[in-house]
Amino acid sequence: MVRNKFIVFITTCCACFVASSLNAVTIPAGTALAVSTVSSISSQDPVGRTFAAQIDRDVAIKGTVFLRAGTKTFGKIKSSRANPRKSEPLTLELTSISVNGRNVTVKTNSVQPGSSPRTARQAQYGHTAGTLIVTPGTKMQFQLIQPVTL
């Protein structure tokens with residue numbers, strides 16, 4: 001009796017796994033993700049700080065939409081001017097997309113959302129001048145570096 005229940009349990013688990021695999025879709029590397037920021041970001045924010053954004057245009061593969069406009073995405077600051085000893089331009093990357101209530105990890109290229117003004121001396125030494133503020137609603141385009149399975 002216990003053995004039969006165990007076999008039914010294992011069979012059910014395998015069936016669920018197969019069903020979820022059949023519904024999975026892979027978005028290929030190189031796919032563009034146009035996003036619009038939801039939160040404000042500053043070039044003075046520390047590296048690693050997260051920000052929220054949303055997909056700006058549907059992402060479709062062969063005519064089938066897999067990510068709808070408005071889908072939540074999250075990213076992080078890869079470089080900033082927060083450390084005065086290592087002043088770098090503001091650089092952002094996406095880290096995850098919220099799909100059906102779960103966050104799916106993504107790897108994207110880095111984007112510099114505008115450039116701060118530079119003086120000749122600062123440009124010579126690789127420093128940026130001024131504070132860049134990315135306001136909510138700013139549109140940016142990231143590109144997937146690795147395929148993503150949803």
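The values are calculated or read from the model by the stated rules, or taken from the named source; none is laboratory data. Keep in mind that this is a model prediction, so the values were computed, not measured. Please note: Cβ atoms are built from the backbone with ideal geometry, for glycine as well, and neighbour counts cover all protein chains shown.
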- If you go through T73, T50, T91, the only one that is modelled with pLDDT of 90 or more and within 17 Å of V148 (Cβ to Cβ) is T73
- From the option list T149, T105, T128, single residue qualifying as surrounded by fewer than 13 Cβ atoms within 10 Å (Cβ to Cβ) and at pLDDT below 95 is T149
- Mind telling me which of the residues P117, P113, P136 ends up being at pLDDT below 90, closer than 16 Å to A34 by Cβ and either in a loop (DSSP other than H, G, I, E, B) or out of contact with any Asp or Glu (no Cβ under 9 Å at 6 or more places or on another chain) (or both)? P113
- Query: Which residues, taken from the stretch 75-97, are under 11 Å from S43 (Cα atoms) and among the small types (G, A, S)?
  - Reply: S79, S80, A82, S87
- Those residues of the stretch 38-71 which are closer than 18 Å to V111 by Cα and in a strand (DSSP E or B) amount to I41, S42, T50, F51, A52, A53, Q54, I55
- Query: Going by the conditions given, is S79 surrounded by 13 or more Cβ atoms within 10 Å (Cβ to Cβ), in contact with a strand residue (DSSP E or B) (Cβ under 7 Å, 6 or more places away or on another chain), of a type in the set (S, T, Y) and closer than 15 Å to L144 by Cα?
  - Reply: no
- Flagged in the stretch 90-106 as of a type outside the set (S, T, N, Q) and in contact with a Lys or Arg (Cβ under 8 Å, 6 or more places away or on another chain), in numbering order, are L90, L92, E93, I97
